[in-house]
Structure formats: structure tokens, C-alpha cells
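Undergrad: Just dropping this structure here.
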Amino acid sequence: MRAAASIEEIVERGLCTGCGACESLLGGEALRMGLSPEGFMRPRRQRPLRGDEQQAVMQVCAGRSQQGAAPVEARPHRIFGPMLHLAKGHATDADIRFRSATGGVLTALAVYLVESGEVDGVLQVGVSADNPLLNEARFNTTREQIVASSGSRYGPSAPLKDIVALLDGGRRFAFIGKPCDVATLRNLALVDPRVDLQIPYMLAMVCGGNPSIAATYNIVRRFGEDHHDVEEFRYRGHGWPGPTYLRTKQGREHSQTYDETWFSNLTYELMFRCKICADGVGEHADVVAGDCWVMEDGKPSHREAGDGWNMHIARTERGRQLIEDAVVAGYIREEAFSVAELEAMHDDHGTKKRSVLWRLAGLALAGQPYPDYGTLRVAQAGLTASWRERWAAFRGTLARSLKRRNRESPIISGTFVPGTKTS
Ligand SMILES: Cc1cc2nc3c(=O)[nH]c(=O)nc-3n(C[C@H](O)[C@H](O)[C@H](O)COP(=O)(O)OP(=O)(O)OC[C@H]3O[C@@H](n4cnc5c(N)ncnc54)[C@H](O)[C@@H]3O)c2cc1C
């Protein structure tokens, strides 16, 4: 295999996850996160980087490897990874359950951790204070702040942008992010022992891929609004899954259903890195939560279903204990949920995982770098793919890389201009 050798190569070959750890490691005078011309959160070089700086980032970057891992305390399921505990559930607090993306389990666990004194705060993503269409990393220490950061933000975010400064500050905190964000933290733990001491809980959401900010601007445009006029924007939540909602400064309101947003003709580019992702189900987290969709005709339905339900998995003993404590303390409520139900409901993640080996083969043949996925069972899952799945994944990725469609702009270029992509 060929791993990327530099930050420039990570970004230009479409392997960057946008987490922001590189800025944190090297400082803002060397690299600064910002929106790229493709609408992703990417580091932009402020000056030439030294060899030791490149190496410091390469050790940690999930675009290069996902070698860092949670302690394996259960035999992994071929697709869904280690499961010490699997259940469906929701926050008991009606307001958290209503406002959150699904059933509010992640928010309720975070609130429990802060209110029980287990941690000083929670590092997570919230809506940017400057622009309701963008996101920013937040260090939240109160229930109100954590609840205000609930909900899914289907756009660029760099939650690890300040991670080194937070570790330097000596705080003990929980982290919530995408599976790739957690993977980077686990990599960081391999070279910085403070991670395991100061971040005792890493929580993740199930993630099918993160779109460009162009998707968000396209939604705004489809509502017939100018992005400058937006005062409030939600992708979902306030119900389950809840509508995509927009309110302008002039008080105009728009909303549409989850399917109208994501399963219509909306143009949205997923990061190339998401297309070759070997872990949408948060294997490196202590706890991961996703949707527990209502099943209709054997398939998940996204229609409005009232109060939300998560399915959640504890990967580690620490995560299992956290869930048990939060249930006992009355923060979340659980019901039984089987592995067979999980397999049927989240088969999209099965398809995705089975395809990775063949996508990487396409990249290898084209001489492109790709991440080292460590213990994520890429080969094991890939060998269970049908011949049709193998060929489609291999051919698609090979063609994409030969046409240079895995490439992104160099890291010294300018920023994204809203309105350059249209639906
Ligand atoms: C890009 C994306 C793709 C997803 N794909 C799937 C999928 O394929 N299948 C599935 O079942 N569920 C998916 N979800 C997860 C789902 O939307 C819920 O987040 C999950 O069910 C947890 O629900 P909750 O009610 O516990 O979350 P909440 O209690 O609402 O908490 C959500 C947490 O996620 C954090 N967060 C939100 N957006 C981001 C972001 N962009 N980056 C980092 N952190 C963020 C928030 O800070 C908050 O802490 C996806 C979410 C995102 C953001």
C-alpha cells in the first residue's frame, strides 16, 4: 500500500477528514483551517512546513492511518465492530429528546457526564456564532450549552482545531464527533499520553458521510433565500428526524422533510475520504449512537415518527459503564435491540464496509495513496461482497482516480465562495 507522505498530499489526494488536529498541533501561524474551494474544512498553509512538523501531523492524521484504536474488549462483528452492549433508547428529558437529531442519547450522556462531575466539559460541534450555516468547535460546561449544541450538522466542522490547547489547559473532558474525528484522537493518544488521561470518554454518531457546504447553500437557494439573510438553520431535529428548517432575519420560515432534503435532486458532494471510509459506525468510540429508524417493508423509513429513538452501541467497558450509570441516574431509557435488527436497519453501512477493500484496490492500481485502516477488518468485510459489489466499487474508484476526481485544491489556495455550485 502507499500511504500519503505529507499534509499537502493528504489534502490534494482527497484523504483529509477536515478534523483540524493539524492546525492544533502546529499552530495557526503554520496551518489554519478554513473552507476550501470544494466547500470542505481544510488546512491552509501559512508558511512552508518543516520535516519534523510534517512528521508530527502524519503520526496523527486519520487521512494517513487509523492505527489508534479503542481497547478491544469484545469479539468484533464483521461489519459493526465490537459490541459490549447494544440497545435502543432515548433521553428521558423531553426537551433534549425533541431538540436533538434522533433520541438525544449523545446529548443526554454528555449532560450526565458534566452534571455527575465525571468531566469538566464536553468538546463538541455547534452552530457558529458568526454564521448560522457554519459550525464551530465548542467546549461546553453546562447543560444549556450542551443542549444548544445538539442536533446533526451535515456540513464541514473541525472539532479538533484546539485539541492541543485544551490538553495543555489540563481539563478533563468528553469528546463527541464523527467516527473519523474519534479515530484521529485515538491516533493522538498513541503519541500523547494526556489523551487517555484527560479525555476519558469519546462518543461518536454513526456517519454515512459529510457533505460539502455547497449542499447547505443549495438548500438555502432552493428555499428561495439568500444565505446572507439566514438567521437560523437546522438540518433536522425538533421532531424525528425533524424537518430541515430555515428562518430569515426578516422572519420568513421554510421547512421540508428529511427525504425532501437528502433524497431529492439536491446536489451535494461528499468528501472523497467519506467514499473510502472504513468506519461509519464509530468503532474507535466508547459509545456510538445512530438512528433507530421505523422499519417499513423491511426497509428504514425516514417519515416523521414522533419521539426519536436511537440505537446505541458501547464499544468499551468504559462506554458500557457510562450507559449503565446514565440509565440508573435517569438520563436515558433503554429497550432491547438485536444484532439482526441492527443488520437490517443499517445495511447501508454493510454495503459501504464491504466495498472499501475494492475501492482501495482501485486506488492502488491508479498509484494513489490511501489510509492504513489498521484493525478495521477491511479485507474480511470485502471478501463477503458479491462479485457485482466488488466490480462496481473497484471500477468506480479506479475511474474516479484516473479522471482525477479524487483530487482537491492545493492547500495554499483561497476559500469557498457561496453560490459556485448549484442544484
Ligand atoms: C454527517 C452526518 C452523517 C450521519 N449519517 C448517519 C447515518 O448514516 N446513519 C445514522 O443512523 N445516523 C447518521 N447520523 C447521525 C444522526 O444524525 C444522529 O447524530 C445520531 O443518531 C445521534 O443522535 P442523537 O439524538 O443522540 O444526537 P444529539 O443528541 O443530537 O447529538 C448530536 C451530537 O453530534 C455532534 N455533531 C453534529 N454534527 C456534527 C458534525 N458535523 N461533526 C462533529 N460532530 C457533530 C453535536 O455536537 C452533538 O454533540 C449522521 C450525522 C451526521 C452529522
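Undergrad: Somewhere in segment 157-171, is a residue assigned by TED's automatic domain parsing to the domain that holds Ala101, more than 18 Å from the chain's Cα centre (by Cα) and at positive phi?
TA: Within segment 157-171, one or more residues are assigned by TED's automatic domain parsing to the domain that holds Ala101, more than 18 Å from the chain's Cα centre (by Cα) and at positive phi.
Undergrad: Condition first: away from the ligand (no atom under 14 Å from the Cβ) and under 15 Å from Arg153 (Cβ atoms). Now tell me which residues in segment 108-129 satisfy that.
TA: Ala129
Undergrad: Also, quick follow-up: Quick one: would you say Val328 is surrounded by fewer than 24 Cβ atoms within 10 Å (Cβ to Cβ) and closer than 23 Å to Ser150 by Cα?
TA: Answer is yes for this residue.
Undergrad: I would also like to ask the following. State the number of residues belonging to segment 195-233 that are over 18 Å from the mean Cα position of the chain (by Cα) and open to solvent by 10 Å² or more (accessible area, probe 1.4 Å).
TA: Looking only at that region, the number is 15.
Undergrad: Output the number of residues of segment 253-290 satisfying the condition of being hydroxyl-bearing (Ser, Thr, Tyr) and closer than 19 Å to Gly374 by Cα.
TA: The number of residues fulfilling the criteria is 0.
Undergrad: Just checking: which of the strands (runs of 3 or more DSSP E) contained wholly in segment 16-108 hold 3 or more residues that are aliphatic (A, V, I, L, M)?
TA: Of the strands (runs of 3 or more DSSP E) lying wholly inside segment 16-108, those with at least 3 residues that are aliphatic (A, V, I, L, M) span 31-35, 85-91.
Undergrad: Considering only residues that are open to solvent by 30 Å² or more (accessible area, probe 1.4 Å) and farther than 22 Å from Glu29 by Cβ, look in segment 153-185 and name the one that is farthest from the ligand (Cβ to nearest atom).
TA: Checked segment 153-185; the qualifying residue farthest from the ligand (Cβ to nearest atom) is Gly170.
Undergrad: Still on this model: Any chance you could count how many residues in segment 1-16 are over 18 Å from Arg400 (Cα atoms) and open to solvent by 10 Å² or more (accessible area, probe 1.4 Å)?
TA: Qualifying residue count, segment 1-16: 5.
Undergrad: Inside segment 259-286, can you point out the residues that are farther than 25 Å from Leu35 by Cα, touching a His at 6+ places or on another chain (Cβ under 6 Å) and open to solvent by less than 30 Å² (accessible area, probe 1.4 Å)?
TA: Of everything in segment 259-286, just one residue is farther than 25 Å from Leu35 by Cα, touching a His at 6+ places or on another chain (Cβ under 6 Å) and open to solvent by less than 30 Å² (accessible area, probe 1.4 Å), namely Val281.
Undergrad: Of all residues being open to solvent by 20 Å² or more (accessible area, probe 1.4 Å) and assigned to a strand (DSSP E or B) in segment 292-314, which is farthest from the ligand (Cβ to nearest atom)? Just the residue, please.
TA: Glu296
Undergrad: Within the set of pairs 6 or more residues apart or between chains, which connect a residue that is open to solvent by 50 Å² or more (accessible area, probe 1.4 Å) inside segment 137-148 to a residue that is part of a helix (DSSP H, G or I) and of a type in the set (D, E, K, R) with Cβ atoms less than 8 Å apart?
TA: These pairs meet every condition: Arg143/Glu115.
Undergrad: If you don't mind, another one. Checking Leu49 against (1) within 30 Å of Leu26 (Cα to Cα); (2) surrounded by fewer than 18 Cβ atoms within 10 Å (Cβ to Cβ); (3) among the aliphatic types (A, V, I, L, M), which test does it fail?
TA: Going through the list (1) within 30 Å of Leu26 (Cα to Cα); (2) surrounded by fewer than 18 Cβ atoms within 10 Å (Cβ to Cβ); (3) among the aliphatic types (A, V, I, L, M), Leu49 breaks only (2).
Undergrad: May I ask you to verify whether Glu232 is free of Cβ contacts under 8 Å to residues at least 24 places away in the same chain, among the charged types (D, E, K, R) and touching a Ser or Thr at 6+ places or on another chain (Cβ under 9 Å)?
TA: For Glu232, the condition - free of Cβ contacts under 8 Å to residues at least 24 places away in the same chain, among the charged types (D, E, K, R) and touching a Ser or Thr at 6+ places or on another chain (Cβ under 9 Å) - is not met.
The values are calculated or read from the model by the stated rules, or taken from the named source; none is laboratory data. If you're wondering where the values come from, they're calculated on a predicted model, not measured in any experiment. Neighbour counts run over all protein chains shown; Cβ positions are idealised from the backbone, glycine included. The accessibility values were calculated without ligands, DNA or RNA, using every heavy atom of the protein model including side chains. Shrake-Rupley method; radii C 1.70, N 1.55, O 1.52, S 1.80 Å.
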